[in-house]
1. May I ask you to list the residues in the range 171-200 that are surrounded by 15 or more Cβ atoms within 10 Å (Cβ to Cβ) and hydroxyl-bearing (Ser, Thr, Tyr)?
2. In the range 118-143, what residues are in a helix (DSSP H, G or I) and modelled with pLDDT of 90 or more?
3. Report whether or not residue 356 is modelled with pLDDT of 95 or more, in a strand (DSSP E or B) and over 23 Å from residue 279 (Cβ atoms).
4. For residue 115, work out the one condition from (1) touching a Phe, Trp or Tyr at 6+ places or on another chain (Cβ under 6 Å); (2) at pLDDT below 95 it doesn't fulfil.
5. For residue 173, are the conditions met, namely being of a type in the set (Asp, Glu), modelled with pLDDT of 95 or more and farther than 22 Å from residue 200 by Cα?
6. Kindly list, by first and then second residue, each pair from a residue in the range 77-101 that is of a type in the set (Lys, Arg) to a residue that is surrounded by fewer than 16 Cβ atoms within 10 Å (Cβ to Cβ), limited to pairs with Cβ atoms under 6 Å and residues at least 6 apart or on different chains.
Amino acid sequence: MMRNLILFDDEIRDNLLPLTYTRPVCELRVGVSTIREKWERALDGKASFITREYLTGKYPITIGEDNLVINGSVLPSPLLVRLIDELSVNEALVSNGDLVAARIPGNEFDSLIDGSFGDDIAGYSLQETPVKKLTHLWQIFTLCGEEIAEDFEHITKGRKSAALSGTNSTIGEHPVFVEEGVWAEHVIFNTTKGPIYLGKNALIMEGSMLRGPVAIGEGGVVKMGTKIYGASSFGPFCKVGGEINNVVMQAHSNKGHDGYLGNSVIGEWCNIGADANASNLKNTYSSVKLWSYAKEKFEDTGLTFCGLIMGDHSKCGINTMFNTGTVVGVSANVYGAGFVRNFVPSFSWGGPQGMKTFNLDKAFETAEAVMSRRKIEFPDTEKSILSAVFEMSAVHRRWDKS
């Protein structure tokens, strides 16, 4: 019988905007898998969510008689999985005062839902436990390599890879794992620095070069002559081309043409126009600052390399130029000559020459058109989420106030 897992958002969620505008934290992809998928695999369970109210139509909660409640920003480790596995009813794990996991019977769940559980965990036996926690956007790409290695081990354990065609060239001591339906011919796979995972029905076109650790999700397309440097991971049905280095795409997004993208995170249903480029290194080689929604100001990442963060449903036109450390919100449409500003609010339309608001009805039309190309419906739950984001993000569209 599968365990009932409930993954909850805490205040860290605001640090991970704009990506968490449209999903719970645990739905972020870090490595091959999302955090939710990692926990479901590690604990042999089925997960639901405690998240912001406007997300619950798409991400509901399922409460069982016996529940393992886990912080959705925490990444599994062998030690943590074992400790959670050993929890008795009315026991919890904490780290630096924050709840990591608890085993809670269904009849005690009200205290968690109304928020009092996190403030007062009286009656629970607590253990201090070191954890690896996602607290900042840039960790999605800085942790990508080690998380690909962890996921790769769990996904492929006890399984046999499909064979690669003899036209391909493989270099390095780490494995390439090929799921069924993969097509790859005349491709160079370099696994010197880490493994390469090719998801079901992925298409790796001729002349491409992949340097691990790299993960291509189910139905992914790597276009002719693409250069991918690890650590990079592309969720299901992403299409990539050009030159890419240490990039994570969540799912259903495209960067199908020439142009450079490095040390970046791209959401779902995004499109990067032909020959668009994103700087990931300042000319001064100084530390990159990134817009923080939680702090309402630019925050020092401590990183020399940091490129583009783009929220769901956003697009950019051909030849778009992004400055080092640019954050683009949800459902923005960016184009025009010159460098885009380092922070582009959600539902923006324009570029260096000026911005206006991307009308919600027009945003719906675009989203519906994009999703229908993949034969996926644009559901009311998605419309409701985007409507809520439109309202919440209005504070950043300062031109509306003027």
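The values are calculated or read from the model by the stated rules, or taken from the named source; none is laboratory data. Keep in mind that this is a model prediction, so the values were computed, not measured. For neighbour counting, all protein chains shown are included, and Cβ atoms are generated from backbone atoms with ideal geometry for every residue, glycine included.
1. Selection gives 191, 197.
2. 139, 140, 141, 142, listed by residue number.
3. Details: modelled with pLDDT of 95 or more: yes; in a strand (DSSP E or B): yes; over 23 Å from residue 279 (Cβ atoms): yes.
Yes; evaluated as a whole, the condition is true for this residue.
4. Failed condition: (1).
5. yes
6. none
One line per residue, one yes/no per condition, for (1) within 19 Å of residue 352 (Cβ to Cβ); (2) among the polar types (S, T, N, Q); (3) not in a loop (DSSP other than H, G, I, E, B):
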position	(1), (2), (3)
294	no, no, no
302	no, no, no
309	yes, no, yes
312	no, no, no
318	yes, no, no
331	no, yes, no
